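See structure below.
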Amino acid sequence: MKFISLLVLVLFSVAIGTAQDSFIIENVKVFNGDAIIESTSVKVENGIIVEVSKRIKASDETVIIDGNGKTLMPALSNAHVHAWSAEALKEAAKAGVLNVMDMHGVETYQSAMRQLKDSTNYARYYVAGYAATAPEGHGTQFGFPAPTLSKPEEAAKFIEDRVKANVDHIKIIVEPWKATLDSETVAELIKEAHKAEKIAVVHVSRLEDAVDVISNDADGLVHIWWDKELEPSKLKELSESKSFFVIPTLLTTIKFFESIGSGAEKFLTKNQLLSEVKKMYDAGIPILAGTDPPNAGINYGSDLYKELELIRETGMPILEVLKSGTSNITKAFGLENTGFIKVGYIADLILVDGDPTKDIQDINNSKTIWKKGKQVK
Ligand SMILES: [Zn+2]
């Protein structure tokens, strides 16, 4: 008797196990990471998207979810975070943010958090490890010891150490309000990162530094500059000769300006920041959504929706705004099989009430989230 009930329990769990990450969402509007499909169905089997078509054959056991009045989109990513604990990854996942890019943290703490990549209720954690910065430079003030460097000859060793720590990308800090790396050292770090087949992204706050690091082949900027507007001729030259992306962190920058009050007068206004982003988008530069939590009290989850709203305020088309929080990020950081709703891709999905492809505010509506086909709780 005991054996039978145990057997039933085991069989029951197996049945739940297969149903859990296999289902069909019917009659749903889809933003697939590229474009809109007005009404279709999406079949997920063992956590993978196996079919996207208007009519999908379902067996009796198939779990069917009605997508009427809802929109299905790829899960979000956040291209700029600093996560100090697993709780942060949980907060992100709960809001449908399933990939986060860490831009400076303690390598020894990060390895345990990275192992949560297959846990349903946690975002996948991609890291830079320690950011490259000068002694006493920005990034050294957070109370944890971080390696620094001061000349080009030290770049190869710095990158070698990050590669040993198995980082995903390289982050470099140029922040002249404090001691900072010089242009030659930054150029050498970028070169060494590329030799090690890592992308190199750079923190800048001044236009002059942005232009310099892009000229030295940086793959991306993790903030937009605050001090000056980019000349159209310079933008044309950069966008035609270099390939790079920008994570403007508008929410962070605007909140930071609010916190310093009248001191912010010497910087660009909110409208100027928005128009810098729009200019870059118009020049064909990919825009990526990132919020830099926990800076400025920003959370790891739903505050990313506010960044999308700000990116929308720049005047970028709404599909491009949705790309900035999904496929633009997975493409830029080379994440495989995620960021799109296409056959063969991992079923990282958000099914949201309403239509964020018409009104970005709808991203705030109630939603169901799946990570690799399993519902995030
Ligand atoms: Zn940051």
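Conditions tested, residue by residue: (1) more than 16 Å from the ligand (Cβ to nearest atom); (2) over 24 Å from Glu87 (Cα atoms); (3) part of a helix (DSSP H, G or I); (4) among the hydroxyl-bearing types (Ser, Thr, Tyr).
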{"position": "Ile260", "(1), (2), (3), (4)": "yes, yes, yes, no"}
{"position": "Glu265", "(1), (2), (3), (4)": "yes, yes, yes, no"}
{"position": "Lys279", "(1), (2), (3), (4)": "yes, yes, yes, no"}
{"position": "Tyr300", "(1), (2), (3), (4)": "no, no, no, yes"}
{"position": "Asn337", "(1), (2), (3), (4)": "yes, yes, no, no"}
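From the list Thr291, Thr253, Thr249, exactly one residue is within 14 Å of the ligand (Cβ to nearest atom), on the phi > 0 side of the Ramachandran plot and surrounded by 15 or more Cβ atoms within 10 Å (Cβ to Cβ). Which is it?
Details: Thr291 fails: on the phi > 0 side of the Ramachandran plot; Thr253 fails: on the phi > 0 side of the Ramachandran plot.
None of the others qualify; the one that does is Thr249.
Val201 fails exactly one of the following numbered conditions: (1) within 16 Å of the ligand (Cβ to nearest atom); (2) within 27 Å of Leu235 (Cα to Cα); (3) touching a residue at least 24 places away in the same chain (Cβ under 8 Å); (4) out of contact with any Lys or Arg (no Cβ under 8 Å at 6 or more places or on another chain). What is the number of that condition?
All conditions are met except number (4).
Residue under question is Lys270, and the condition is that it be open to solvent by 10 Å² or more (accessible area, probe 1.4 Å), within 15 Å of the ligand (Cβ to nearest atom) and either of a type in the set (Asp, Glu) or at pLDDT 95 or above (or both); does it hold?
no
Within the range 197-204, is there a residue that is modelled with pLDDT of 95 or more and more than 20 Å from the chain's Cα centre (by Cα)?
no
Select from the range 81-93 the residues that are more than 16 Å from the ligand (Cβ to nearest atom) and under 14 Å from the mean Cα position of the chain (by Cα) and list them in ascending order.
Listed by number, the residues that qualify are Leu89, Ala93.
State yes or no: is Gly297 over 14 Å from the mean Cα position of the chain (by Cα) and on the phi > 0 side of the Ramachandran plot?
Spelling it out, Gly297 is indeed over 14 Å from the mean Cα position of the chain (by Cα) and on the phi > 0 side of the Ramachandran plot.
Does Asn78 count as within 16 Å of the ligand (Cβ to nearest atom), at pLDDT 95 or above and assigned to a strand (DSSP E or B)? Don't jump to the end; show me each part of the working.
Working: within 16 Å of the ligand (Cβ to nearest atom): yes; at pLDDT 95 or above: yes; assigned to a strand (DSSP E or B): yes.
Yes.
Which residues, taken from the range 148-204, are of a type in the set (Gly, Ala, Ser), in contact with a helix residue (DSSP H, G or I) (Cβ under 8 Å, 6 or more places away or on another chain) and assigned to a loop (DSSP other than H, G, I, E, B)?
Correct list: Ser150, Ala165, Ala196.
Only residues that are open to solvent by less than 60 Å² (accessible area, probe 1.4 Å) and more than 16 Å from the ligand (Cβ to nearest atom): list them for the range 164-180, please.
Ala165, Pro176, Ala179
Within the range 96-118, take every residue that is open to solvent by less than 10 Å² (accessible area, probe 1.4 Å) and within 25 Å of Val44 (Cβ to Cβ) and give me the one that is farthest from the ligand (Cβ to nearest atom).
Taking the candidates together, the pick is Gly96.
Restricting to the range 57-75, what's the tally of residues that are in contact with a Leu (Cβ under 6 Å, 6 or more places away or on another chain) and open to solvent by less than 50 Å² (accessible area, probe 1.4 Å)?
Within the range 57-75, residues that are in contact with a Leu (Cβ under 6 Å, 6 or more places away or on another chain) and open to solvent by less than 50 Å² (accessible area, probe 1.4 Å) number 2.
Give Ala218, Ala210 a once-over and let me know the one that is under 15 Å from Ala131 (Cα atoms) and open to solvent by less than 20 Å² (accessible area, probe 1.4 Å).
Testing whether each residue is under 15 Å from Ala131 (Cα atoms) and open to solvent by less than 20 Å² (accessible area, probe 1.4 Å) leaves just Ala218.
The values are calculated or read from the model by the stated rules, or taken from the named source; none is laboratory data. Because the structure is a prediction, the values reported are computed rather than measured. Note: ideal-geometry Cβ built from the backbone for every residue, glycine included; neighbour counts use all protein chains shown. Please note that ligands, DNA and RNA were not included when accessible areas were found on the heavy atoms of the full protein model with its side chains. Shrake-Rupley method; radii C 1.70, N 1.55, O 1.52, S 1.80 Å.
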